[in-house]
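What follows draws every value from the coordinates through simple rules; no lab data is involved. Note that this is a predicted model, so its numbers are computed, not measured. Note that each Cβ is placed from the backbone with ideal geometry, even for glycine, and that neighbours are counted across all protein chains shown.
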Amino acid sequence: MTQPVKTSTTTAFYIQAVLSFAISLAGLAAGILYLPVTAWVRSFLALGLMYVVTSTFTLAKCVRDRQEEASVVNRVDQARLDKLLAEHDPFRTD
């Protein structure tokens, strides 16, 4: 009765997202590495970069979990509605 969930992410989009993340991370890391500052400043910027990356992964996971939760709730509601409609016969006489 329920329809399978279609994924809207194509392989090309996934590869583009991964490559974009890797290139931006490598570019910023190289920029921090070759910045003409002391080691303390470079370390602080590198630590900030790591914090931003881990926070981004955490946020992405939270968004994904919320979408999956909404999808499950919608499927349960749809299943209840399908069952109710299947059991309902407007021409039945008691």
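In degrees from 0 to 90, rounded to the nearest 10, what is the angle of the helix 11-33 Cα long axis to the longest principal axis of the chain?
So the inclination is approximately 20 degrees.
What is the order of Glu69, Glu87, fewest Cβ neighbours within 10 Å to most?
Glu87, Glu69
Just want the answer: with Cβ charges of +1 for Lys and Arg and -1 for Asp and Glu, which residue in Leu33, Cys62, Phe13 is farthest toward the dipole's positive end in the chain?
Leu33
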